[in-house]
């Protein structure tokens, strides 16, 4: 068993003890409505309102190279589409109260077939990132990775979703790991966990999985922090773990890949519900697509004037509309009172620098952003910010640094894509111009072959020749022939 | 900021013990002057006054100026210096977090240059044995004038008991606590002391200056190391840049003391180093820690 050192961060804040027993998990039933969020322009709905769809059929198809699709998790009737906030979701009405068993033939051992099915089923990162898993598996294959890391570190304090999955279905996780390793070409499987002494970890260890114990602390679950523990190579800023021969997948993602390999449609996930003032945290086993408001209704009341967020307390993603559904990225649901925060100016104390897990200097990046010089933040590495908010926690002025850095990184990406589009347009224009110029050149080259004096000169020359012929015809015909051959006015 | 004020208590007590209770009045005058100036300026702006004035930075400026100014000076000197430091040293540059110069040193330098006579004389320390002396030369004054006296062939009165090392120790005590609770950057404090010791050591070896320990323990070096140079706003970002910045201030302090026109060069040395801050940050700061 490997032992690893924790990364930097605020004082070692231990994650809660995740000795979650299967009986403590609340199993929520299939809801009356399932919502499938859609990415406009990148996904295309393949069914129409009123259609009756069988479990396993395609309901959403990807449009571009990086998008995923979606399969019906059970027999449903398509109700239509619905707008939630600024996004659209497909609304399905389940026809049964229970989820079916395997509905599709297993994709088999061919890695490409498994990757295709993973894409069609819409499997994305279950750890909160939501990155399309098929792209990661494919990249792992292309970069010839050797090691697959099952990420069960779950460093967000108080979240126990991954721990619940490991406790509940370690066998499924193992099957998924083997399938994912086959698809990506890995020969070594490592389980990264903060609780290496649980029964599940021991079972996996006995089945050939290396167990890597990570000291509990925040942050610690980021794949870039895990990769150096299993390889000798340290990642450069912006480099992904696949560059070092390592593919890191969240444990629930791995489990989902296992379900796909068995011919099932992944449709449930464990979610930790944290509510201020509630008795304790609660782990639920919920069907993805269930509205968050439904989960909260079944689990506990949400107080007035409260804020609902997806994720954990350290990296929450605010949910504006509570009918937003549980999706692969919903690791937790946090209900907290909305308290306005008072921000003081940055005093450049520098306390944020030692706690950054990706070695950035938040004080300098903040300075650049304060003066609206977002471009200056690029060489400082703002795009590598993971949004862990360790700097927020230690900042004596209470500045929301993490959120500001993520916004800045998004702004930089947007300006980059606009610049790239402008560049493409410029190149197209220049080529168009060059073609037009070449056409004009060719046209000009052809014209000198015609008469230089124009048509009038030609007529006059013909008249002059005719006069000459008549005058010579009186002189004698033999001379005429000779003169005619070398006559003036010959334009050719 | 409250922790900085707490850390100044040992020094306040030590200075009061050495020079009498009027030290506390100077500190009070400085704090009042600073707070009044702060509230006036903030009320001209758009930020909520109670929130912004509550950060305690003005109080720290005022307290430091009060401690740096001799108790024999009129109280309005402290108040004026503190107010000037807050207004010109901080708010003129954009308020908290934006000032390139240390506000306490800006205020002190202004008063020093404007009212040199009022700042010139420190009281004779209690227990110095001079019954009829009200003022006496500080050891730095003595050091300064000893050379001149030697040339002129007159004797110089050297005080028997010297309170300054004890005062310095009191500053160091409070300062060490600040570093331990991470309210002050140890690299800045250490850098200043290192700069002083190295420069004084070199000069001493060349027989051109006093020994390093003398420089370290007298005057405002220890106060400066833990409370003045550690102002994070006017220091460059980055560990390497901060070390060089603080060492430069230390070196300049000794240089001004030995070759310049003032007995204690700390204030001007800090201001000069502040002026170099942005360049140091750009050259030595790097893009990360």
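Here are the numbers:
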| read-out | value |
| --- | --- |
| Leading residue by the ranking (farthest from the other protein chains (Cβ to nearest Cβ)) among those in segment A:370-391 that are part of a helix (DSSP H, G or I) and over 22 Å from residue A:314 (Cα atoms) | A:374 |
| Criterion violated by residue B:254 - all others in (1) at pLDDT below 95; (2) within 14 Å of chain A (Cβ to nearest Cβ); (3) assigned to a helix (DSSP H, G or I); (4) under 18 Å from the mean Cα position of the chain (by Cα) satisfied | (2) |
| The one condition in (1) within 14 Å of another protein chain (Cβ to nearest Cβ); (2) under 24 Å from residue B:19 (Cβ atoms) that residue B:184 fails to fulfil | (2) |
| Test: residue in segment A:405-427 that is in a loop (DSSP other than H, G, I, E, B) and either free of Cβ contacts under 8 Å to residues at least 40 places away in the same chain or within 11 Å of another protein chain (Cβ to nearest Cβ) (or both) | no |
| Any hit, segment A:304-322, residues being more than 28 Å from residue A:220 (Cα to Cα), part of a loop (DSSP other than H, G, I, E, B), touching a strand residue (DSSP E or B) at 6+ places or on another chain (Cβ under 6 Å) and away from chain B (no Cβ under 14 Å) | yes |
| Residue match in segment A:154-173 (condition: under 23 Å from the mean Cα position of the chain (by Cα), part of a strand (DSSP E or B) and in contact (Cβ under 8 Å) with a residue 12 or more places away in the chain) | no |
| From the options A:192, A:181, A:177, A:186, residue that is in contact with a strand residue (DSSP E or B) (Cβ under 7 Å, 6 or more places away or on another chain), part of a loop (DSSP other than H, G, I, E, B) and at pLDDT 90 or above | A:186 |
| Residues within segment B:35-53 that are part of a helix (DSSP H, G or I) and either at pLDDT below 80 or within 13 Å of chain A (Cβ to nearest Cβ) (or both), tallied | 6 |
| Odd one out for residue B:264 among (1) modelled with pLDDT of 90 or more; (2) buried (at least 20 other Cβ atoms within 10 Å of the Cβ); (3) away from every other protein chain (no Cβ under 14 Å) | (1) |
| Answer from B:235, B:249 - the residue that is at pLDDT 95 or above and surrounded by 24 or more Cβ atoms within 10 Å (Cβ to Cβ) | B:249 |
| Answer residue from segment B:193-232, given it is assigned to a helix (DSSP H, G or I) and touching a residue at least 60 places away in the same chain (Cβ under 8 Å) and is surrounded by the fewest Cβ atoms within 10 Å (Cβ to Cβ) among those | B:214 |
| In segment A:353-369, residue surrounded by the fewest Cβ atoms within 10 Å (Cβ to Cβ) [restricted to those that are touching a residue at least 40 places away in the same chain (Cβ under 8 Å) and either more than 10 Å from chain B (Cβ to nearest Cβ) or closer than 13 Å to residue A:404 by Cα (or both)] | A:357 |
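Each row is one residue, and each column tells you yes or no for (1) over 20 Å from residue A:287 (Cβ atoms); (2) crowded, with 17+ Cβ neighbours inside 10 Å; (3) touching a helix residue (DSSP H, G or I) at 6+ places or on another chain (Cβ under 8 Å).
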site: A:41; (1), (2), (3): yes, no, no
site: A:46; (1), (2), (3): yes, no, no
site: A:67; (1), (2), (3): yes, yes, no
site: A:72; (1), (2), (3): no, yes, no
site: A:78; (1), (2), (3): no, yes, no
site: A:92; (1), (2), (3): no, yes, no
site: A:97; (1), (2), (3): no, no, no
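Residue-by-condition table, conditions (1) over 21 Å from residue A:345 (Cβ atoms); (2) outside any helix (DSSP H, G or I); (3) under 14 Å from the mean Cα position of the chain (by Cα); (4) within 14 Å of another protein chain (Cβ to nearest Cβ):
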| residue | (1), (2), (3), (4) |
| --- | --- |
| B:55 | no, yes, no, yes |
| B:59 | no, no, no, no |
| B:62 | no, no, yes, no |
| B:71 | yes, yes, no, no |
| B:80 | yes, no, no, no |
| B:87 | no, no, no, no |
| B:96 | no, yes, no, yes |
| B:100 | no, yes, no, yes |
| B:104 | no, no, yes, no |
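The values are calculated or read from the model by the stated rules, or taken from the named source; none is laboratory data. Remember, predicted model here, so these are calculated numbers, not experimental data. Reconstructed Cβ throughout: ideal geometry from the backbone, glycine too, with neighbour counts over all protein chains shown.
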